[in-house]
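The numbers here are math on the coordinates, done by the rules we state, and not lab data. Bear in mind the structure is a predicted one, so any value in this text is a computation, not a measurement. Because the Cβ atoms are built from the backbone with ideal geometry, glycine has one as well, and the counts that use them run over all protein chains shown.
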Amino acid sequence: MAKLNKNWFYYAALTFAVALPFSEGLISTSIGLLLIASFVQFKKSKLKVSFNQSKYLLVFAGIFIVYIVWLTGTNDWKWATYDLQKNISYLAIPLAFLLAPKLNSIQQNRILSIFSIAVLASSLITLVYFYLQKEQSVLEAQEYGFIHHIRFSFQLIFSVVLFLSFLFIKKESSFLLKAGAIAASAFLLIFLIWHQSLTGVVTFLGTAFISIILLTNRIKKRILKFAIYLLLVLLIITPIAYLKYAVDRYYDINEINQEKLEELTAQGNRYSHNLDNGEIENGHYVWLYISEKELEEEWNKRATLKYNNKDKNNYQVKYTLIRYLTSKNLRKDAEGVKALTEEDISNIENGISNHILADRGLSLYPRIYVSIWELDNYFKTGYANQRSLAQRMEYTKAALTIIKDNFWLGVGTGSWKKAYTEAYRLNESKMDPARYGDAHNQYLNYMVKFGLVGLLLILVLIFYPIIKLQAYKNPIFLLFMVIMLIGNFGDSNFETHVGSNFFVFFYCLLLIPKSEKLAE
């Protein structure tokens, strides 16, 4: 134990593992601690012994060199400097692992265990805090948590892999430990759904699919193999069937007979019917049966926020009210407002535009509904502002516009900011300039910056060490890479502080085979 206590790098790595699900600031501090500990404990004689394998960390660190080489194409040194600062982890963390005493398998397992427990704790705290705040909609769950919900979703999935490894890899584990691992995994998966990250859910399904295939290869009994193949089929069919159900439900639209549209309200005021606007909520047309005079008068009698005030989401209350009434198949007149409950009034004031979205339980349907609604309105109007999925469509279009003219070498480190702005102009995007962003796809972003040549080079720098050291034989490392590779289709994770450091830290930790001796 005395020798173990001397390894400050090990304790710095433990700190890093705890920081990942809790604090961006602490992650930066942990990088510094890793470097300091590695330099303090550096011994040239020890480095010579382990360099044959550890040298591949330098290959991986070459990703940072890509950013430096592509500076030759930059036209914006401000953003180029930002890119270098943001990606310094590709150099700093591998260097720390290279110089530090080599961690043994016990230390590695403790780091992985501490990380998964930290993720579990972060999830529990987030869940409790959300319900203590009495939020109206589970869609607000994404706003709660210590780090961005997409980055956290990948940590959740990896933690599930780690917990389940106690069942399939560590067969000597006690019954109590295995029961706890199953319970923790179940909770994290429930939390993943509750947290409403579609990117995370899709990544989990992809990871689960590949995990089951890998597991099947180790099974010899035909009946068990058949059962697992059936599970694979269900894993594909179930989400597709549920998505089809959601789409069919959304487009189950009430037929309108224009000749039978009533002209007057119960109070004798004239309705407004806009038949040219196809916007719908729960299969009902939004802009039919509207009497603004009655809406304003009746709403102002009942609500704290007045008709022309802004709701919690910074939209005028009247628009949220009209959509909400439509979602309940109520007419937009005095009688419709009178039919609203006090809970409905509160929902509208809090910016909830559809009663379905007021669900606070465990359901992905509200998030899927919003995504379908966003796409439906985007394809009808081209409007994407403040709509996550629709904005992603605009981001992708802009990225493809840039790639078309910079296919082989990209625009260079730091030049992407100006390139995207110009692409939005060329595409005649209706998005506000303040909402311009890069593609939420890591591969497209690499293509924008470095072209096909740079993208392939980065992939070589990532996979060459894995192949040479046969690290893919480690199931935990293999599934970690699967999570990252799938997740990067749904977001540019390596462009973020948490996402890049999560990837680089565990890549370095799991890449090099571990010694059974205690590091000194």
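Miscellaneous remarks
- Cα-centred dipole magnitude for the range 259-358, charges only on beta-carbon of K, R (+1) and D, E (-1), debye, nearest 20: 220 debye
- Stretch gain in nm, segment Y242-T421, where the contour uses 0.36 nm per residue and the Cα spacing is subtracted: 60.7 nm
- Straight-line cross-link reach from K449 at under 17 Å between alpha-carbon atoms covers these aspartates and glutamates, not counting any fewer than eight positions away in the same chain: D76, D83, D405, E422, D438, D491, E495.
- The chain - mean residue ellipticity at 222 nm from DSSP helices (-39,500 (n - 2.57) per run, n ≥ 4, rounded to 500): -21000 deg cm²/dmol
- For the set K86/K473; K221/K468; K310/K338; K244/K310; K312/K332, the pairs lying more than 24 angstrom apart at their alpha carbons are K86/K473; K221/K468; K244/K310.
- Here the gap between I256 and E428, fully extended at 0.36 nm per residue and compared with their Cα-Cα distance, gives a gain of 58.5 nm.
- Qualifying trypsin sites (Lys or Arg not before Pro) in the range 188-279, DSSP loop, other Cβ atoms within 10 Å at most 14: R218, K220, K221
- Tail weight of P(r) past 29 Å, computed on alpha-carbon pairs of the chain, percent: 60 percent
- Burial ordering of H195, H284, fewest other beta-carbon atoms within 10 Å first: H284, H195
- Length released on extending from L167 to I219, taking residue separation times 0.36 nm less the Cα-Cα span: 17.2 nm
- Amide H to amide H distances under 5 Å link N104 with A519, where only residues 5 or more positions off or on other chains count and H is placed in the peptide plane.
- Span from the the range 477-513 Cα centroid across to the the range 224-245 one, whole angstrom: 27 Å
- Tilt relative to the chain, helix 89-99 - C-alpha long axis, 0 to 90 degrees, to 10: 30 degrees
- Here the residues T207, T29, ranked from fewest to most Cβ neighbours within 10 Å of their Cβ, fall in the order T29, T207.
- Listed by Cβ neighbour count within 10 Å, with the fewest neighbours leading, V119, V504 appear as V504, V119.
- For E281, residues with placed amide H under 5 Å, excluding near neighbours: V286
- Backbone N within the range 54-95 under 20 Å of label point (7 Å from K44 Cα along the Cβ vector): 54-55, 95
- Note on S174 and A121: their simple-model spin labels are 2.1 nm apart, each label 7 Å out from Cα toward Cβ.
- Label point distance in nm, K404-L230, each placed 7 Å from Cα along Cα→Cβ: 5.0 nm
- The residue among V370, S137, L452 whose Cα reaches farthest toward the positive pole of the charge dipole of the chain, with charges on the beta-carbon of Lys, Arg, Asp and Glu, is L452.
- Nearest-ten-degree value, helix 77-86 long axis tilted from longest Cα axis of the chain: 70 degrees
- Computed from backbone phi with θ = phi - 60° and the Karplus coefficients 6.51, -1.76 and 1.60, the 3J(HN,Hα) list for the range 405-411 is 9, 9, 5, 7, 10, x, 9 Hz; x is used for glycine and proline.
- Under Karplus coefficients 6.51, -1.76 and 1.60, residue-wise ³J(HN,Hα) of the range 370-378 in Hz, glycine/proline x: 4, 5, 5, 4, 4, 5, 4, 6, 5
- Charge dipole of the chain (Cα centre as origin; +1 on each Lys and Arg Cβ, -1 on each Asp and Glu Cβ, all else neutral): 3300 debye, rounded to the nearest 20.
- Cβ-Cβ FRET estimate between E342 and N75, R0 fixed at 56 Å, reported to 0.05: 0.45
- Counting only alpha carbon atoms, the long axis of helix 416-426 and the longest principal axis of the chain meet at about 30°.
- Summarising the amide proton neighbourhood of T74: residues at separation of 5 or more, or on other chains, whose placed amide H is nearer than 5 Å comprise T413.
- Shown in residue order for the range 125-133 are the 3J(HN,Hα) couplings computed by the Karplus curve 6.51 cos²θ - 1.76 cosθ + 1.60 at θ = phi - 60°: 4, 4, 4, 5, 5, 4, 6, 5, 7 Hz (x for Gly and Pro).
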